[in-house]
Every structure is written in structure tokens, then in C-alpha cells.
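Everything on this sheet refers to the single structure shown next.
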Amino acid sequence: MAKDRACAVRGQAYTKKRAGRGGRFAAAFLLVVYIVLVSAGGAGASSDFLARIGTRALKEGDRGSDVLALQEALSFLGFRPGPTDGWFGSKTRAAVVEFQRKSGLYADGVVGPKTKKALEKALEAAQGGDPRSQIARYVVKKGDTLWAIAKAMGSSVGSLMEANGLKSAVIYPGQRLVSPLSSARQVWVFAPKYKADDTLALESVRAWLDYIDVVIDCGFSLRSDGTIRGSGNPDLVSLAKGKGKLVLALVTNTNGSSHDRGIASAVLTGSSSRKEALASIKGLMDLGYDGINLDLENVDPAHREELGRFIRDLSTTLGPAALLTASVPAKLKENLSSQWSGAFDYEEIGRWCDAVVIMAYDQHYSSSKPGPVAALDWTMGVTSYALSCIPRAKLLLGIPSYGYEWPVSGGKGRSLPAYKAQTNAATLATEVLRDKGAVPHYQYQAADGTYVVYYEDGVSLRRKMEIAVRENLLGVAMWRAGYETLDTWESMKWFKSATESGMQ
């Protein structure tokens, strides 16, 4: 994700226009898209689906909010209905036929009572019967007003403005607003696959999926011409979708093992490359993903405005059916000349995204002096600054599951998984100390000299999760699945239901 951990590279909603004030509000309500961000509850989810899909039989050529509900259900279940745009096209029909065949139904591509009932049962099975928590969000369209949106969300203008950090009632098409209604705390994980036989992330997700709400498949990278290389991890997507989890496609600018500034510049500033990139990213939705995590890093600070415009246009391009999120570098204050973080306008990015992950790690890294990947006081400072720009309902605190070891004599260090650092210490029978923020560290003697190691475990990560609890953030996002220590998941389990009054 950051300097030493680039993701591996492999490789709208339709709304019929109505005249009149009442029709306008009805249309606004239909555009409120509820994105499932945690384990969904069967009864509530299935009844919601039946209410939204209505009673008419759906077939190719139809359009409307009931078709949109059908497409979202098919995508949720791991089928591929094409763009979730409310239009029953050939791809939606093919997905319906596939579902009908797998359900033992007559595969005619028509969604009648039997197919709807089968969809309802499939949703209940996928969602496991746990309580459902949702985030209501709205993608602004031309002519909208905050009053109409607040009414559709069952809220007030004041509450809506406060939840989204709005300084005025002026809103823009493509802007993404979250509901003032509180949601359950989220756990997101980044799940890269570095080579064909790399199953670390997949097996971690498989083992701990009950505690995970959103899985981010790190499988796609932009080229300078705006096209995308990579095929993602279909096994990961199938696993997560089969359990009713949200899956995002991470899109980055890696070239080999590092983030390529030239690629980012070409995509952000070149007219044809930019247009192609927007179309290519939208095309990933046809692979069954629920949205995008845009992870452009090492961006030239001179392209700060271009980055903001690109995210704005990506929001409009994706429309309300897809979740748009971004990962951004950590900073304690604004520094427009910073070569690493200067391009990232937190406030602008937060305006156009449904959620933003602050990558609060790599405070120390391979070419820095030894120290914590993310000291507690540093993480608190990073969170504090982020909250001055991004609504807390959209903010996820990035947490690391890795560490570094450096030669005490000086020189470049190297990264290693947290579980390996922990195992090495036990094997060497080395005393593990903790700094004031509970970050574990130790020294060991090797044939070529003495090394100092800093990493993160469940104890130190819980202290960081406590920040997210106190600040009432949307959640935490762990880089990366498969590197964590076992006790990390005990802390994740605590985090899901923690309250500030229950903390020390």
C-alpha cells in the first residue's frame, strides 16, 4: 500500500423522470442506495428485497427500480448482471438464467414469483441470519436539494449537513452523502495476491470472515494509457460474496513493486488516458464487484487539482449503484509541497467518496531510522487531522499487520509479516518489549550483526482500534490479510461491539 508494500499487479441507477413536487421526492427516495457493509440479517434483508422488487414479472427490456433491486441481489449473490443501472439487458438476463439453472428452476430468463422466492431464500442463506447494519448513502444528481435528500433519508437538513461536514447547503452532482443514521462499526481488509500460489490473504479471509465486513481485492493496476491490467482473485470474490460480504476492487498505479508516478500523471492529465481510465474502472463492476477502492500513491503534488477532479468524475461515472472509496496517505498537517501526500486534498476526496481509508502506517519504513510502523501518539495525530477534513461517518483508520527489522549498525531495513516477527522472537527466546503505545519490539543477534524489530500485534492494534471507537469512525481497514498475528482477531472481535465506556 505505501512505500514498501505496493499491491501486486496481475495481470446509475435508472430513475424515471416525473413531473411535480411529489414525483421529485419519490424519485429521490428511489435513488437512496443502501450498501451492505456488515453481515446482513436474513429476514430484514429478504423482506427489503421483496418490497423493492415488487410484484410484476421482470424480463429483458424492462427498466425501473425493481430491475435495479434484482441486479443488486444477483450481484450480491455472486452472479454477474452487468451494470446495475435499472435496465434489464442481455447480461442481466444471462445472470437470471444462470441463477435459475443453479436453483433448479425453468431457465427462461423471466423473473416471476418462483424466481423471486428463490432469490429471497438465497439471500437469507447468504446472509446467515445475523443482525443487519446498513449505511444509507445518496449520490447527488442535477436539481437535487438537501431538503429533498434529507426527507428521503428520514433526517433533517441540519443533521445531514453535520454528518457530511457541509459548510453550506450547496451540493454538486456526483457528490456522495452519507445518512446521519449511525451504522455498525466496520472491519475492512486488504487482500493482495502476489503470485499464483500465494494464498495467505485468501486463507486469512476464509478463517476470519465472520469478523470482516468488506474485502478489498488488490488485483488491478492502471497503465499509462488508462487501460487496466490484472484479473483480480475470483476465488476471493466468490468466497466473500458467498457469505454476503461486500467486495471492492482496488485500482492502483503500481508498476512492478512500486507506485509509478508517471502512470498517475498520465492518467490524471492526459485527456484520452483519463477518459479510458474512467471507463476501464467502471468496467470492473461487470466482474461482480460492489465498488472501487482507488489507491493512487506517489502522485505528483502538482496534480492535486487533477486528482480531485478525477475522483469527482469517477463518482459521476460509477453512479449510485457502485461504492466509491479511496485510500490516502497519512499526514499530521497539510503540506502542499510534500512529494508523498501533497497531492491529496482530504476534504475534496471525502466529498466525492462514500468512504476514505487513511493509511496510518509507515511512520517508519525500510529506509528510515528504526521505530514503530505506527506509534500510538502519531496515529492519534493522523486521525485528528483527518477528522478536520473528512466526516467521521466516512472515515476508516488504516491499521498495519506487518513490521520492519533494521540492522543496528545502520543501513536499510526490510519488511516482514507481523506473525513472522512474533514467531521469530519466540524461536530466538528474545525478550519482547513494548513502547508506551504498546507496540512490540525486540533485538536479536544474527551472523551478520544485531537487528532491531518493530511490528504490530493484537495488543498494539487494539490501542489503535480504541481511537476509532472514541472518535466514532466508520471503522478500521487492515493492510494486509494474512500477515496478522492470531491475537489480532481477538481485538477485531472486541472492536465490533466495543463502546467507549467499556474501554480503560
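Readers should treat all values here as calculations from the given coordinates under stated rules, not as data from a laboratory. The shown structure was predicted, so the numbers you read here are calculated from the model rather than taken from an experiment. Backbone-built Cβ (ideal geometry, glycine too); neighbour counts: all protein chains shown.
How do the peptides 80-89, 221-230 rank, highest first, by the average count of neighbouring beta carbon atoms within 10 Å per residue?
By packing density, highest mean first, the sequence is 80-89, 221-230.
So for SER341, SER159, fewest C-beta neighbours within 10 Å to most, what's the order?
By the 10 Å Cβ count, ascending, the order reads SER159, SER341.
Please compute, for the alpha-carbon atoms of the range 219-326, the extent along each of the three principal axes and give them in descending order in Å.
43, 31, 20
If packing is taken as the average count of other Cβ atoms within 10 Å, what order do 426-434, 260-268 fall into, highest mean first?
260-268, 426-434
Of all the Cα-Cα pairs you can form in the chain, what percent are over 40 Å apart?
Here the long-distance tail beyond 40 Å is 20 percent of all Cα pairs in the chain.
Between the range 457-496 and the range 365-398, what's the alpha-carbon centroid distance in Å?
Taking the Cα centre of each part, the range 457-496 and the range 365-398 sit 14 Å apart.
I'd like to know which of LEU307, TRP188, TYR444 lies farthest towards the positive end of the charge dipole of the chain, counting +1 on Cβ of Lys and Arg and -1 on Cβ of Asp and Glu.
LEU307
Using R₀ = 45 Å, calculate the FRET efficiency as 1/(1 + (r/R₀)^6) where r is the Cβ-Cβ separation of THR145 and LYS275; round to 0.05.
Computed FRET efficiency for THR145 and LYS275: 0.90.
How far apart, in nm, are the 7 Å Cα→Cβ label points at VAL97 and SER338?
5.3 nm
May I ask you to sort CYS218, CYS389, CYS353 by Cβ crowding, counting other Cβ atoms within 10 Å and putting the fewest first?
Ranked by crowding around the Cβ, least crowded first: CYS389, CYS353, CYS218.
Please report, for the Cα atoms of the range 460-500, the Rg to one decimal and the Dmax as a whole number; what are they, in angstrom?
Rg then Dmax for the range 460-500, in Å: 10.0, 29.
What ranking do 169-178, 331-340, 314-323, 394-403 get when scored by the average of other Cβ atoms within 10 Å per residue, highest first?
Taking the mean over residues of other Cβ atoms within 10 Å, the ranking is 394-403, 314-323, 169-178, 331-340.
Name the residue farthest towards the positive end of the dipole of the chain from the options SER401, ALA201, ALA150, assuming +1 on Cβ of Lys and Arg, -1 on Cβ of Asp and Glu, about the Cα centre.
With unit charges placed on the Cβ atoms, the residue in question is ALA150.
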